[in-house]
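What follows is a set of notes on a single structure, which appears directly below.
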Amino acid sequence: MKGFVLSRSGEPLMPTTPRRARLWLKAGKARVLHRDPFTIQLSFETTGYTQPVTVGVDTGSQTVGIAAITKSEVVYQAEVYLCTDITKNLLQRRQYRRNRRSRKTRYRPRRFANRRRSPGWLPPSLWAKVEATVKAVRLVASVLPVYQIKVEVGSFDTQRMQNPEISGLEYHQGQLQGYHLREYLLQKWQRCCSYCGASGLQLQIEHIVPKARGGSDRASNLALACLPCNLRKGNQTAVEFGFPQVQAHAQAPLKDATHVSSVKTAVVQQFRDLFGPDQVTITMAMKRSTSASRCSTFPNHTSMMRSRLPAPLEKW
Ligand SMILES: [Zn+2]
């Protein structure tokens, strides 16, 4: 792996071999700026000639793949692991605040009208992903003369992911067409508890994968349970509760696909603001599943990039 080089004035130059970096350092012609990624700054004037470096970004919901290439070689590659615990942390903050309000504390000025949302607002969990993606690319741009950014954004057809044969009007006719949700669930589970089979008593709508564990409100994640079963199941999934046949009704979540779709506009906009609209190109990839082949921006390099990756960089 090459070392990154900054000019005397701090402009990124082309990366150099470890040997040359070592010689410069020994001769006192450079100093170490960062160790990770290894970057040196020259203390003598150079011409400042650079080759254009292209950065490829493959956006994702859990990880983001980044590679920087010159005409002939890959000079940087990383897989960034995105935060997935924002929701949990915000919930905790909310609980602390709630607690604080019932305590006797010093006077705090009241807060109101501070909940405005600007256009393009994203939920904090998604905004964190946007920022981490942009931050990772800015890091690359701080050590390499980045000329162009290629963003690969997935465009997910969530309906097709569930039903590959779907076409035309079927897109308008969802699972619940002609039903109310409660009616649909009663019909689906034959008006009895999905777990003990009891009927003729009050049934509750129940999440197969609990909300607290990331389960959604989709009809496929809902089942019916009597009160005792619901209480006993608590925070467990149906499998953990011992009912894999109920779990089988829950379809694969579409959360990751939706996250990528929601995040892409903001990511591209941020790159355009930072690097200029002409420097950013977008590759649209139609994806039918989240695990489909991921990055095609650099067909020659990506397989290498994925397989040769060192340990994850760090959590942003
Ligand atoms: Zn029951």
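Things to note:
- Here is the list for segment 96-173: chymotrypsin sites (Phe, Trp or Tyr not before Pro) lying in DSSP coil, each with at most 16 other C-beta atoms within 10 angstrom of its C-beta, are Tyr107, Phe112, Trp121.
- Near the amide H of Val280, within less than 5 Å, lie the amide hydrogens of Ile149, all on another chain or at least 5 residues away, with H placed in the peptide plane.
- Shown here: the chain, whose C-alpha atoms stretch 86, 62, 38 Å along the first, second and third principal axes, sorted largest to smallest.
- Taking other Cβ atoms within 10 Å as a rough exposure proxy, Asp36, Asp157, Asp273 sort from fewest to most as Asp36, Asp273, Asp157.
- In this structure the amide hydrogen of Val75, modeled in the peptide plane, comes within under 5 Å of the amide hydrogens of Ala68, Ile69, Thr70, none closer than 5 places in sequence on its chain.
- Value of relative contact order over the chain, rounded to a whole percent, pairs C-alpha under 8 Å and six or more apart: 21
- Reducing segment 140-183 and segment 18-90 to their Cα centroids gives an inter-centroid distance of 32 Å.
- Sum of -39500 (n - 2.57) over DSSP H runs of 4+, divided by residues of the chain (222 nm, nearest 500): -9000 deg cm²/dmol
- Annotation: aspartates and glutamates with alpha-carbon distance below 17 angstrom to Lys264 (same-chain offsets under eight excluded): Asp58, Glu131, Glu152, Asp157, Asp256, Asp273.
- DSSP loop GluC sites (Glu not before Pro) with at most 15 other Cβ within 10 Å excluded, longest remaining stretch of the chain: 74-164
- Classified by the C-alpha gyration tensor, segment 168-252 has an oblate form. Its axis ratio a/c, with a ≥ b ≥ c, is 1.5 or above, and a/b does not exceed b/c.
- Here the chain is treated with +1 on each Lys and Arg Cβ and -1 on each Asp and Glu Cβ, and its dipole about the Cα centre works out to around 2000 debye.
- Out-of-range pairs (alpha-carbon distance over 20 Å; input Lys71/Lys129; Lys2/Lys71; Lys2/Lys26; Lys88/Lys255; Lys2/Lys29): Lys71/Lys129
- Couplings 3J(HN,Hα) for segment 151-161, derived from phi with the Karplus relation 6.51 cos²θ - 1.76 cosθ + 1.60 (θ = phi - 60°), are 9, 9, 10, x, 10, 9, 9, 5, 5, 6, 4 Hz, where x marks Gly and Pro.
- Within segment 231-283, the ratio Rg/Rh, alpha carbon atoms throughout and Rh by Kirkwood, equals 1.38.
- Per-q log10 I(q)/I(0), segment 121-237, q = 0.13, 0.22 Å⁻¹ (Debye; single scatterer per alpha-carbon; no solvent): -0.77, -1.20
No lab work stands behind these numbers, since they all come straight from the coordinates. Since this is a predicted model, take the numbers as computed values, not measurements. Neighbour counts are summed over all protein chains in view; Cβ atoms, including those assigned to glycine, are modelled from backbone coordinates with ideal geometry.
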